[in-house]
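One structure is given below, encoded as structure tokens.
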Amino acid sequence: QVRLVESGGGLVQPGGSLRLSCAASGTIFSVNEMAWYRQAPGKERELVATITSDTIPTYVDSVKGRFAISRDNAKNTVYLQMNNLKSEDTAVYFCNADLTAVEAAGVIGRSKDYWGQGTQVTVSA
């Protein structure tokens, strides 16, 4: 079964930096778009950044110039470099991947959306 495992969250002071990682494991045929979402208490989940298989990124306006999404296709891993963190960046960050898995009997499955478990990012003095 495909699993997405996130790491890199933690407590950081305003202006600090964190680098989130998310590795997809399992019998994967191909990984398409990957993304990072976040959800703060009392707020809806929002899309933070996306990156296509051709490494074309997009960002929500609030993180442009501060965050950078990247990926390592050989490792099926997506990263989110977060710089100049602000208190409003505090949230649970979720990894997302649109990928095609190899299913039972070696059958290539349909492209599906997979999620990581989330990692807490807390920005506080």
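A few comments on the model shown:
- For the chain, carbon and sulfur atoms together expose 49% of the accessible surface, with a 1.4 angstrom probe and every protein chain in place.
- Dipole magnitude of region 16-89 about its Cα centre (Cβ charges: Lys, Arg +1; Asp, Glu -1), debye to nearest 20: 200 debye
- Rounded accessible area per residue of region 1-110, 1.4 Å, Å²: 53 Å²
- Within straight-line cross-link reach of residue 112, lysines at Cα separation under 30 Å, skipping those fewer than 8 residues along the same chain: 43, 64, 75
- Each label was represented as a point 7 Å from its Cα along the Cα-to-Cβ direction; for residue 122 and residue 44 these points are 2.8 nm apart.
- Ratio Rg/Rh [Cα only; Rh per Kirkwood] for the chain: 1.00
The values are calculated or read from the model by the stated rules, or taken from the named source; none is laboratory data. Worth saying up front: this structure is predicted, and the values here are computed from it rather than measured. Don't worry about glycine lacking a Cβ; one is built from the backbone with ideal geometry, like all the others, and counts go over all protein chains shown. These accessible areas exclude ligands, DNA and RNA; they are computed on the full protein's heavy atoms, side chains included. Shrake-Rupley method; radii C 1.70, N 1.55, O 1.52, S 1.80 Å.
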